[in-house]
Amino acid sequence: MRVLLLIKRFQYGGAENHVSELANALAEAGHSVWLMSKPGKQQLRLRPEVQHIAVNFSDLKIPFHLYRLIRLIKDEKIEVIHAHQRLPILLGTIAGRWTGIPIVATIHGTVLKDLKSDFVRRNIDMGIAIRESCVACITNCLRSQNKVVLIPNGVRLPSACVDRFVDPESFSIYYISRMDSHHTRLLKMILTEVWPRLLEKYPRSHLHVVGDGFCLPCITRIIEQANFSSLRRTVHFEGYAPEVGDHYPDADLVMGVGRVAIESLVHGVPLLSVKYNHLGPIVTTKNFKSMQYANFVDLEGLAPAASDLLGRFGEFLEHRNFFEDEAKVLQKIVGHEYNLTSVTEKIVAVYREVLIPSRFSKP
């Protein structure tokens, strides 16, 4: 099958990591893959068989983008378009209808933003929800249950799982995310209000920050100030990681949601659900299904406060062996449900479904 993947950004982030992994998995399965996006570090992760086309997507250049898209579709005989993020979904839908090629869209962010255009809602062939919490909204936008399927983002399973040494006197926390303004505000609060108090009780603890984004200069300054205040280096900025999975064996606790949460759990590492506007629990077998509903975001949780985060860390340290054992059980569950190979097979099945000619017939 000849597949064109569209995404606007291609740096670090849940959607970006998913698309690069999907492109590689499709190529490994023998499909021909083209990927069009802005230039970004995710290009380094692509297999040689994946053909990347660098395009600086912009609303002001829609006619130019459409010309390039239509030309590519015709020249390479593309069979299906799979778009991610608002502008690529819009462009893919227009180009798809112009050329008669089916269009699939995965909704990673806010549904009403990614499916903002009424033209997209009327003409998209299939919408993929990555979390159960947005299925109803996507169905309402597309006005058809037959046009919506739930397929979570897949992750590669670790080749080997190393049992971590548990030091009762200290622990390593990993904060992994795209470095945008929201995460910068949360990190600043953690480093200025939470971390100093945690070090008083656990002076051998370390915080590692992994990610990339336009707020990196601000984040590095905050980290430098935190290390200066504590008179030693307890906060480590790791920056962009081509393979984030390399960090998980060293983590005792990971803070994050979405793809970070899935990757953490599939590596058997305890996870604390934290987003800039929602603080959730440490994920266990008891709350796994409810946390899975919104891609490991606790929709009922309030914005994280310093006292609440300290409470979560204290809970983890007081019952550390329990959470370690829970993470090992969850590792098997997550490995089964989010296996990249099976997720890719489900997505290919969607491609085959939208290629059925009868799907294009209009009432």
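Throughout, read-outs are computed from the coordinates displayed, never taken from laboratory work. The model shown is predicted, which means the values in this text are computed figures rather than measured ones. Using ideal geometry, Cβ is built from the backbone for each residue, glycine included, and neighbour counts are taken over all protein chains shown.
Estimated from helices alone, the mean residue ellipticity of the chain at 222 nm is -12500 deg cm²/dmol (sum of -39500 (n - 2.57) over DSSP H runs with n ≥ 4, per residue). Residues Met189, Met291, arranged from fewest to most other Cβ atoms within 10 angstrom of their Cβ, appear as Met189, Met291. In terms of the mean number of neighbouring beta-carbon atoms within 10 Å, the peptides 44-51, 78-85, 264-271 order highest first as 264-271, 78-85, 44-51. Annotation: amide H-H contacts under 5 Å for Val148 (H modelled 1.01 Å from N, sequence separation of 5 or more, or interchain): Gly127.
Angle of helix 340-354 to the longest C-alpha principal axis of the chain, folded into 0 to 90 degrees and rounded to 10: 20°. Volume per residue of the convex hull around the Cα atoms, evaluated for the stretch 93-223, comes out as 181 Å³.
Treating r as the C-beta distance of Arg352 and Ser58 and R0 as 30 Å, the FRET efficiency rounds to 0.35. Which trypsin sites (Lys or Arg not before Pro) in the stretch 83-153 pass both tests, a DSSP loop state and at most 13 other beta-carbon atoms within 10 Å? Passing both the DSSP loop test and the Cβ count: Arg143. Overall, the stretch 3-110 carries a charge dipole of about 360 debye about its Cα centre when +1 sits on the Cβ of Lys and Arg and -1 on the Cβ of Asp and Glu, all other atoms neutral. Computing log10 I(q)/I(0) by the Debye sum over Cα atoms at q = 0.09, 0.11, 0.13, 0.15 Å⁻¹ for the structure here picks out one of (1) -0.49, -0.75, -1.10, -1.52; (2) -0.62, -0.84, -1.02, -1.21; (3) -0.52, -0.76, -1.03, -1.29, namely (3). For the stretch 1-84, just say rounded, prolate or oblate: build the C-alpha gyration tensor, square-root its eigenvalues into a ≥ b ≥ c, call rounded for a/c under 1.5, and beyond that prolate if a/b exceeds b/c, oblate if not. Judged from the Cα gyration tensor, the stretch 1-84 comes out oblate (a/c at least 1.5, b/c at or above a/b). Projecting label points 7 angstrom from Cα along Cα→Cβ for Thr192 and Glu169 puts them 3.2 nm apart. What shape does the stretch 224-363 have by the C-alpha gyration tensor, where a ≥ b ≥ c are the square roots of the eigenvalues, rounded means a/c under 1.5, and otherwise prolate means a/b greater than b/c and oblate the rest? Cα axes put the stretch 224-363 in the prolate bin.
Straightening the chain between Ala303 and Lys77 buys 76.6 nm, computed as 0.36 nm per residue apart minus the Cα-Cα spacing. Taking R0 as 41 Å, what FRET efficiency do you get between Arg2 and Glu200 from their Cβ-Cβ distance, rounded to the nearest 0.05? The formula returns an efficiency of 0.10 here.
Among the listed pairs Lys38/Lys77; Lys289/Lys328; Lys8/Lys328; Lys8/Lys147; Lys113/Lys286; Lys8/Lys332, a Cα-Cα separation exceeding 26 Å is found for Lys8/Lys328; Lys113/Lys286; Lys8/Lys332.
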